[in-house]
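Heads up: the structure comes next, in structure tokens.
Please treat every number below as a calculation from the coordinates, not as lab data. Note that the coordinates shown come from a computational prediction; the quantities given were computed from them, not determined experimentally. Glycine gets a Cβ as well: all are built from the backbone with ideal geometry, and neighbour counts include every protein chain shown.
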Amino acid sequence: MNSGEILTAVLEGGDTIEYVFDANAPRGGMKHTFFTPDKKYAVQFFNNPADARNPRMQDRIRSIVGIYNPTLSEQDGGALGNTEKTAEYFRSRFCWPVAIVRSPEFGIVCPTYPQRFFFGADASSVLSLKGKDKKSNWFTGRNRRFLAPAELGDFRTMLTAAIGLSRTIRRMHQAGLAHSDLSCNNVLIDPKSGSAVVIDIDSLVVPNKYAPEVVGTRGYIAPEVLATMELDADDSRRCLPCVQTDLHALPVLIYEYLFLRHPLVGPKIYSAESAEQDDFLAMGPMATFIENPDDTSNRPPDLEVTIKSLSKGLERLFLRAFVDGLHDPAERPAAMEWETELLRAWERLIPCKNPQCSAKWFILRDESSPVCPFCKTKVTDKIIRLGFKSEMRGKKGVFREKSEVIAFDGKPLFDWHIFSNVHNDEKASTDMRAYIAKYNGMWLLVNNGAEGMTSPSGRLVPKGSAVELKDGAVFRMTDRENGLICEVSVT
Ligand SMILES: [Zn+2]
């Protein structure tokens, strides 16, 4: 066969797909990849023919493409409870295999990643990166200095990527699936748009199916997996990749996105004798969080922005993940907890007024000391906090806080700010129902389509009209069922 020759693959189910043979096809650890002539799909075959013929492996991949597939609606044979809307949501966030190749040999068909996950020609003036995929360590490690400023995004887009990633991993774990090799290589990010896509899905660990033999990637392997790697696969002390090991890799990635550094890479020397042994101890049995409050032996001397610069909720989660849970997998926060706390932090995100600030946005941890942790610029404006409360069922007049928002000019509000039974997730509508605006020195909440919004005095606020956000003001976001009330406080 010659490079450029067009071949035909037969899929399970009988359809066919054409792909372009390439003698220098890109090769990963497990598979090599060809592309369809229109480059919309990758057709992948296993490097080792024994893998391709393994019926247990084939069976596992069939269930990934079928009944565990969150990018396909239940109606079309995908995951249980999945609607077309949620399937579409996850299609752009997972590079999930769409079909199985039967002939010429067993293989899989995956969509290619969207263009935004490949570097363009002007991504770097030093390196030639055009066409390379955007592995996240390009943005979070030392290589960052080679990239054009336009590639780097800001704190807000990195927080967006962290939210997206925690949501996709939560969705996988909800189905009982573990990724098993979550790392900077298998999650591509585009800091410009704040998007993240999870790739290499065929190494997923599926419940009650034969697990793939994945070792993981340096820096992301859970310490207990690394520490027991030398043991035989059937030794009961051997720790294998599972949901709990994903729950180590996930916060490593989130920490990298938010702080642009690795949570375990610090100045501590674990073994002076060999670099290999030092690395094994640093990532495995002796791993120490660089921000461990009780053990500062691995703390870099120049840490300025720390977990204390984020929301209190995120600080607690990082301590659980990297102090309590670093060597005790049962203590690690679940992906859903990360999603929830990152979203809470998102609602406290405000722009930094310093035009030179590298982060451009920061999480306001404390209303009483409003300072950007990245550039130390103080907020001079008033701080306006909206507390959204719902009436407790069966207890008229008793309210419980559902969420809060710190205002900035242009802050959009959605259904989850209006109804107690709507949450910011893949099911929610993304139509903006209201927004906060600063107008002639007044802070306003402008109705953009929330029906039944009422002013503090009880008058209807129609679309296009506004409520002034004064200290102590209380009003209804809607008078419909499950409507939230909003309480304003100004500091
Ligand atoms: Zn700043």
Next item on the list: Grab the beta carbon distance between Val474 and Tyr435, set R0 = 30 Å, and tell me the FRET efficiency rounded to 0.05.
Entry: 0.95
Next item on the list: Using just the helices of the chain, give the 222 nm mean residue ellipticity in deg cm²/dmol: DSSP H runs with n ≥ 4 each add -39,500 (n - 2.57), and the total is spread over all residues, rounded to 500.
Entry: -6000 deg cm²/dmol
Checklist line | Those aspartates and glutamates that a straight Cα-Cα span of less than 15 Å connects to Lys396, excepting residues fewer than 8 apart in one chain | finding: Asp479, Glu481
Check: In which sequence would Ser92, Ser236 go, from the one with the fewest C-beta neighbours within 10 Å to the one with the most?
Finding: Ser236, Ser92
Item checked: Net +/- balance of residues flanking Thr86 in space, Cβ distance below 14 Å, scoring K and R +1, D and E -1 -> +1
Note to self: Please report the spacing between the Cα centers of the stretch 205-280 and the stretch 308-377 in Å, no decimals.
What the structure shows: 24
Notebook entry, point to check: Around Ser429, what is the net charge, scoring Lys/Arg as +1 and Asp/Glu as -1 over all other residues with Cβ under 14 Å from its Cβ?
Noted result: -3
Margin query: Loop only by DSSP, 12 or fewer other Cβ within 10 Å of the Cβ. Give me the GluC sites (Glu not before Pro) in the stretch 213-245 that pass, ordered by residue number.
Written below: Glu230
Next item on the list: Work out which chymotrypsin sites (Phe, Trp or Tyr not before Pro) in the chain are exposed loop sites (DSSP not H, G, I, E or B, at most 15 other Cβ within 10 Å) and give the longest gap free of them.
Entry: 211-491
Next item on the list: State the three equivalent ellipsoid semi-axes of the stretch 381-490, derived from the C-alpha gyration tensor as the square roots of 5 times its eigenvalues, in descending order and whole Å.
Entry: 20, 16, 14
Next item on the list: Mind putting a number on the dipole of the stretch 117-347 about its Cα centre? Charges go on the C-beta only, +1 for Lys and Arg and -1 for Asp and Glu, and I need it in Debye to the nearest 20.
Entry: 880
Item checked: Qualifying trypsin sites (Lys or Arg not before Pro) for the stretch 1-103 [loop in DSSP, other Cβ within 10 Å: at most 11] -> Lys39, Lys40
Next item on the list: Please list the helices of the chain that count as membrane-span-like by this rule: a mean Kyte-Doolittle hydropathy of at least -1.0 together with Cα atoms stretching 20 Å or more along the helix axis, each helix being a complete DSSP H run.
Entry: 155-174, 243-259
Margin query: On a straight-distance basis, which aspartates and glutamates could pair with Lys85 in a cross-link, Cα separation under 14 angstrom, same-chain partners fewer than 8 positions away excluded?
Written below: Glu74, Asp76, Asp425, Glu426
Checklist line | Sequence of Glu347, Glu401 once ranked by neighbouring C-beta atoms within 10 Å, starting from the fewest | finding: Glu401, Glu347
Next item on the list: Under 14 Å from the Cβ of Leu11, count the other residues' Cβ atoms, weight Lys and Arg +1, Asp and Glu -1, and hand me the total.
Entry: -2
Note to self: Just to be sure I understand the model, the point goes 7 Å from the Cα along the line to the Cβ. What's the resulting Asn48 to Lys463 distance in nm?
What the structure shows: 6.0
Notebook entry, point to check: So which of Lys382/Lys463; Lys135/Lys192; Lys40/Lys132; Lys353/Lys376; Lys389/Lys438; Lys353/Lys378 end up more than 18 Å apart, counting from Cα to Cα?
Noted result: Lys382/Lys463; Lys389/Lys438
Next item on the list: Note down the Stokes-Einstein diffusion coefficient of the stretch 30-149 in µm²/s, whole number, using a Kirkwood radius over alpha carbon pairs, 37 °C, and 0.692 mPa s.
Entry: 199
Notebook entry, point to check: Over all Cα pairs of the chain, how is the pair count split among 10 Å bins, expressed in % and running from 0 up to the last occupied bin?
Noted result: 4, 17, 25, 25, 17, 9, 3, 0
Item checked: Alpha-carbon radius of gyration plus Dmax, which is the widest Cα pair, for the stretch 254-396 in Å -> 18.6, 69
Next item on the list: Report, ordered by chain and residue number, the lysines lying within cross-link reach of Lys209, taken as a straight Cα distance under 26 Å and ignoring same-chain residues fewer than 8 apart.
Entry: Lys31
